[in-house]
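First comes the structure, then the notes that go with it.
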Amino acid sequence: ITYAKRIQQAILPTEQVVKKLFPNSFVLYKPKDIVSGDFYWMEQVGTQNFVAAVDCTGHGVPGAMLSLIGHLILVDILDHPDQKRPSEVLLNLHSRMVKTLKQDIAGNDASDGMDIALCQIDEAASLVRYSGAHRPLYHIRNGELHEYRGSRLPIGGNQYKKCNTYTEYEIETKPGDLFFLFSDGFQDQFGGLENEKYGPLRIQEYLINTTHLSMTEYKEGLRNEFLNWKGEKKQMDDILFIGFKC
């Protein structure tokens with residue numbers, strides 16, 4: 001398992017890559033177990049930068065195996081110049097995940113797969129394009145938070161019989177805009193005085209009230225917020241939180 005952790009860490013972007021592609025950013029990554037079902041992915045394709053927060057089915061070893069499959073498929077998709085829009089990437093990712101896991105074979109009803117928030121950043125055009133599967137994108141401008149929700153369709157599984165489509169949003173950016181992508185581990189953590197889930201509303205409130213922080217301070221603030229909320233209770237799921245500023 002410990003060696004598997006080394007392999008999984010090798011596919012994650014190094015800190016140098018993160019800072020090169022997104023100089024004003026942070027990544028908070030806290031697996032529940034030694035290996036994780038969450039992973040983050042960043043890639044430069046031409047003049048475009050891509051970033052994704054990915055939450056695979058399960059955690060631990062099963063989630064980690066899916067994360068390796070998902071990472072390899074994403075890398076291969078972006079190697080082909082004809083598919084660059086986030087919605088197209090997700091559709092291709094879904095189709096290839098179904099094929100790889102043989103979910104298109106009669107009698108295989110497995111629904112293993114992943115949730116994802118994927119952004120394409122076009123700095124020259126001052127645009128962020130986003131598409132997601134179950135995972136949202138938060139955009140904060142002038143103290144107001146705008147939520148772009150991912151499609152209610154999974155990556156992987158045959159529940160929708162090849163009818164999966166993924167909505168794409170195009171956001172014109174302005175200096176100072178903040179963007180956040182994350183898995184569901186933070187919001188699903190039980191804790192607090194009433195032993196309840198943290199929930200998305202608390203996340204939104206925290207992000208709105210801390211827009212004065214630097215990216216480093218955001219990361220440490222979120223880490224402390226999570227640990228204080230969790231208290232002595234066990235961590236329920238993998239934690240992944242990505243933020244970047246235009």
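The values are calculated or read from the model by the stated rules, or taken from the named source; none is laboratory data. What you are looking at is a predicted structure, and each value in this text was computed from that prediction instead of being measured. Cβ coordinates were reconstructed from backbone atoms using ideal geometry, including for glycine residues, and neighbour counts include every protein chain displayed. In case anyone asks, the SASA skips ligands and DNA or RNA and just uses the protein heavy atoms, side chains included. Shrake-Rupley method; radii C 1.70, N 1.55, O 1.52, S 1.80 Å.
Any residue that is assigned to a strand (DSSP E or B), within 19 Å of the chain's Cα centre (by Cα) and either on the phi < 0 side of the Ramachandran plot or surrounded by 15 or more Cβ atoms within 10 Å (Cβ to Cβ) (or both) - is there at least one of those in the stretch 200-207?
Initially, the stretch 200-207 is screened for residues assigned to a strand (DSSP E or B), giving none.
For the stretch 200-207, residues assigned to a strand (DSSP E or B), within 19 Å of the chain's Cα centre (by Cα) and either on the phi < 0 side of the Ramachandran plot or surrounded by 15 or more Cβ atoms within 10 Å (Cβ to Cβ) (or both): absent.
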*Among T216, T173, which is open to solvent by 70 Å² or more (accessible area, probe 1.4 Å), polar (S, T, N, Q) and within 21 Å of A52 (Cα to Cα)?*
T216
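Scanning the stretch 43-61 for residues that are among the hydrophobic types (A, V, I, L, M, F, W, C) and open to solvent by 10 Å² or more (accessible area, probe 1.4 Å), which turns out nearest to I121 (Cα to Cα)?
Step one: of the stretch 43-61, the residues among the hydrophobic types (A, V, I, L, M, F, W, C) are 45, 50-54, 56, 61.
When the remaining residues are screened for being open to solvent by 10 Å² or more (accessible area, probe 1.4 Å), the result is 45, 61.
Values: V45: 10, V61: 32 Å.
The extreme case among them is V45.
Anything in the stretch 169-187 that is more than 13 Å from R135 (Cα to Cα) and either in contact with a helix residue (DSSP H, G or I) (Cβ under 7 Å, 6 or more places away or on another chain) or assigned to a loop (DSSP other than H, G, I, E, B) (or both)? List them, or say none.
Our first condition is that a residue be more than 13 Å from R135 (Cα to Cα); within the stretch 169-187, this holds for 169-179.
Answer for the stretch 169-187, where residues must be more than 13 Å from R135 (Cα to Cα) and either in contact with a helix residue (DSSP H, G or I) (Cβ under 7 Å, 6 or more places away or on another chain) or assigned to a loop (DSSP other than H, G, I, E, B) (or both): T173, K174, P175, G176, D177.
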*asked:* For the stretch 128-142, give me the residue count where each residue is open to solvent by less than 40 Å² (accessible area, probe 1.4 Å) and either farther than 25 Å from D55 by Cα or within 12 Å of the chain's Cα centre (by Cα) (or both).
replied: 8
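Taking the conditions exactly as written (at pLDDT 95 or above and of a type outside the set (A, V, I, L, M)), does E123 satisfy them or not?
Values: at pLDDT 95 or above: no; of a type outside the set (A, V, I, L, M): yes.
When the stated conditions are applied, E123 does not pass them.
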_Restricting to the stretch 79-100, give me the number of residues that are in contact with a helix residue (DSSP H, G or I) (Cβ under 7 Å, 6 or more places away or on another chain) and of a type outside the set (S, T, Y)._
6
